[in-house]
Amino acid sequence: MAKKSTIIKNWPKYLLQWGVLIALVVFMTGLIPSENVADPEKYCPLGGLQALATYLANNSLPCSMSSLQVMMGIALVAAVVLFSKLFCAFICPVGTVQDLIGKLRRTLHIKGIKIKNGSGADKFLRIFKYALLFWIFYMTVGASELFCKNIDPYYAIATGFKGEITLWMSITSIVLVVLGSFLIDMFWCRYMCPLGAISNSFKFWLWIGVLFGLYFVADVIGADIPWPVLLGEFCILGYLLEIFNARPKLQLLKVRKKNSICNGCGLCEKKCPYHINIRSFHDGKINSVDCTLCGECVAACTTGALQTGIGSRAKGGLWNLLPALLTVCLIAFGIWAGGKIELPTINMQWGIEQTAPDGTVTELVDPGTLETITVNGLRSVKCYGSSMAFKARLEKIPGVHGVKVFVKRHSADILYNPSVTNPDKIQEAIYVPSKFRVQGIEPSSADSLKVVTIRTEGMYDKMDINYLGLQMRQSGKKIYGLETEFACPLIVRVFMDRSEEISEDWFEEIVEMDKLVMPVHGGGTKEIEVDFKFAGMEDGTYNVATVDFIRSMFSPFKAEFKKRVDENSGKQQFVYEIADKNYDKPIILRSMPFLSNHLSGNEGIIGIYLDLNKDLVPAIMVRYAEPMTAEKVWELMNMETWSITYSPEDIREVPAKLSFKTPGVERAFSPAQ
């Protein structure tokens with residue numbers, strides 16, 4: 001009955017813990033259908049703190065990280081500084097699982113290993129979570145990628161071991177959680193969890209504040225101290241404070257004990273997940289570094305000696321609900337703030353100042369003269385990698401000196417010198433002319449197509465033409481392709497059947513659709529918000545040959561190996577050709593570099609191509625000479641795994657990117673083809 005009574009008296013903890021765990025299971029297993037893929041890292045405060053550290057060190061956010069994760073991390077730190085480790089007590093699924101594992105062991109009457117708090121073994125084991133904290137943050141900040149995904153047991157299980165994991169690290173962490181917690185209560189939380197290390201450190205927030213303050217002062221006076229030094233000092237200071245001063249005193253909310261009515265039964269220590277020696281706290285305040293305000297000791301106390309309170313007195317009653325209520329409020333604040341605030345994925349400047357080897361700084365451009373242009377609709381800028389690629393394009397534009405990229409709203413603030421360039425020139429320089437095949441057409445079905453030219457606004461990303469093309473594909477009209485050319489407004493050429501008569505009103509309706517409803521792989525649909533504006537349709541049309549249109553819409557691939565081209569010059573060469581109408585799909589083009597890499601490791605392979613054959617059918621073509629044969633080419637292309645050479649020392653076996661059902665044909669190679 002004691003266990004039931006504890007659960008009933010401490011119902012807020014179990015409601016939140018089990019509610020979070022059930023919600024994760026439901027959404028990750030797809031029991032509730034959703035068009036959006038569930039993101040197991042979406043609300044992770046550890047990922048948010050890593051993202052914030054990366055942003056402060058590098059002016060960039062790791063891929064897939066957003067302001068939501070950052071705000072959840074800030075909410076966690078605020079909770080620790082003001083109250084306690086509320087996330088650990090009420091939200092963390094790993095903590096919940098450990099708690100259940102411990103209860104299972106006790107139900108089976110299996111005796112666990114007891115490590116007394118403050119013992120030599122306890123102090124030694126606590127260093128591991130700080131070492132793990134340093135390693136994870138060092139790797140994350142250095143690479144702008146969330147390294148914790150490699151080792152996080154929750155992430156590995158939530159993704160079904162299909163996420164960005166390192167298998168042996170994930171398995172090791174899961175074994176430590178399950179086996180360690182089965183033998184030692186809360187083993188992962190006490191000794192291995194890097195988030196626990198951060199939380200314990202910020203319980204001594206005054207000391208941590210002094211550390212960061214000294215680092216800031218050193219930076220102001222010109223002492224260039226590398227960020228790993230600060231990270232190392234944070235980990236060392238946190239560890240030392242935890243083992244030598246395990247009773248932080250600066251939190252507002254604490255469990256308080258009335259010594260006058262405590263009967264010393266020890267039930268509170270038995271129920272405490274961390275087995276804190278509550279009887280040793282004689283000043284009425286249970287201020288252990290391990291305390292999470294989970295309420296188990298309060299619920300277990302039979303005399304009412306333990307209560308939750310602020311100030312010098314225990315309050316009890318509804319005050320015992322305060323930790324759970326504060327947890328909900330802080331999580332809600334983090335979600336709200338994450339939706340309102342967006343940190344730029346990258347925030348970088350260049351060419352404004354130049355630092356000489358002797359430390360002298362020369363101002364190349366007066367920062368006060370620079371202006372900013374905001375470019376919206378950058379749908380192809382989705383993460384850190386694409387943001388850096390966008391920055392690389394901007395660095396080539398004279399007069400551009402910086403950029404802030406916001407991937408959530410697909411926009412960028414570009415810093416430029418108005419005496420050198422202007423917004424129109426910048427727009428033109430960053431624009432990539434695009435084309436999109438709306439639907440296929442046989443060369444024999446029509447000798448020519450009609451071209452109508454329309455003008456649009458809000459379509460300056462290379463992905464926008466795809467969305468407009470998909471809108472037209474769903475209309476049922478005989479429209480075969482689109483291509484764009486930069487202008488203000490944008491030039492969009494529409495290739496259609498000569499019999500189609502489409503009005504300007506129809507084009508306006510299609511272009512200005514608010515949402516595009518797209519079918520998704522596996523069934524269902526996905527809505528994409530678009531904000532294109534129709535600026536008009538030009539007078540007159542013209543015709544193009546269907547053959548020329550087909551060629552212009554196709555994106556070829558070519559990889560030749562010069563050394564082998566030279567070696568086989570004058571020798572008989574062959575082409576192994578596999579033709580398929582489906583080879584014009586983007587996935588085929590994306591897979592061609594892998595196929596080329598795989599085949600290039602074999603003697604006799606001279607080149608690999610994706611192009612239209614003489615019948616204008618897309619075809620993969622492999623050029624070769626002796627000792628290679630057609631049979632060997634077919635065998636290599638159909639291997640279940642391909643050998644991909646990243647460097648002479650790094651050759652990996654990866655699953656085949658393409659599969660082939662029908663063998664190709666061999667023909668003689670002609671240099672004129």
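What follows draws every value from the coordinates through simple rules; no lab data is involved. Computed from a prediction, not measured in an experiment: that's the story for all the values here. Cβ sites come from the backbone with ideal geometry, for glycine too, and all protein chains shown count toward neighbours.
Within the same chain, aspartates and glutamates fewer than 8 places from K123 are excluded, and of the rest, those with a Cα less than 19 Å from its Cα are D185, E233, E242, D290. Near V530, the amide H atoms lying under 5 Å from its own belong to K515, L516; only residues 5 or more places off or on other chains count, and H is placed 1.01 Å from N. Between V229 and I651, the distance separating the two model label sites (each 7 Å from Cα on the Cα→Cβ line) works out to 4.5 nm. Spin-label model, V210 to I8: label points 7 Å out along the Cα-to-beta-carbon direction sit 4.9 nm apart. Applying 0.36 nm per residue to the separation of L325 and L82 and subtracting their alpha-carbon distance, the gain on full extension is 86.1 nm.
Across the range 434-451, coupling constants 3J(HN,Hα) worked out from phi with the 6.51/-1.76/1.60 Karplus curve, θ = phi - 60°, read 10, 9, 8, 8, 6, 7, x, 8, 7, x, 7, 6, 7, 7, 8, 10, 8, 10 Hz, and Gly and Pro carry x. For the cross-link pairs K42/K249; K435/K558; K203/K270; K13/K408, the ones whose C-alpha atoms lie over 30 Å apart are K42/K249; K13/K408. Excluding residues fewer than 8 places away in the same chain, name every one of the lysines whose C-alpha is closer than 20 Å to that of K632. Within reach: K571, K657, K661. Once the Cα atoms are used to define both axes, helix 127-143 deviates from the longest principal axis of the chain by about 20 degrees.
Per-residue extension of 0.36 nm, minus the Cα-Cα distance of H109 and E527, leaves a gain of 145.1 nm for this segment. A Cβ-based charge dipole, computed about the Cα centre of the range 435-551 with Lys and Arg at +1 and Asp and Glu at -1, lands at about 520 debye. With both labels modelled 7 Å from their Cα along Cα-to-Cβ, the S280 to R409 distance reads 5.3 nm. Under a Cβ-Cβ cut-off of 10 Å, what is the net charge of the residues other than S499 that fall near it, where Lys and Arg count +1 and Asp and Glu count -1? Value of the local net charge: 0. Computed from the Cβ-Cβ distance with R0 of 51 Å, the FRET efficiency linking V361 to M169 stands at 0.75.
Pop the C-beta distance of A545 and E635 into the FRET formula with R0 = 45 Å and round what comes out to the nearest 0.05.
Efficiency for this residue pair is about 0.65.
Placing +1 on the Cβ of every Lys and Arg and -1 on the Cβ of every Asp and Glu, with nothing else charged, gives the chain a dipole about its Cα centre of roughly 4680 debye. Of the peptides 578-591, 174-187, the ranking by mean beta-carbon count within 10 Å, highest at the top, reads 174-187, 578-591. Hey, what angle do you get for helix 67-82 against the long axis of the chain, alpha-carbon based, 0 to 90 degrees rounded to 10? Tilt relative to the chain: about 10 degrees. Computed packing ranks the peptides 551-558, 45-52 as 45-52, 551-558, most packed first, by mean other Cβ atoms within 10 Å.
Annotation: extensible slack from M139 through K258 equals 38.1 nm (criterion: 0.36 nm per residue apart, minus Cα-Cα distance).
Of all aspartates and glutamates in the structure, the ones whose alpha carbon falls short of 17 Å from that of K149, not counting any fewer than 8 places away in one chain, are D39, E41, E164.
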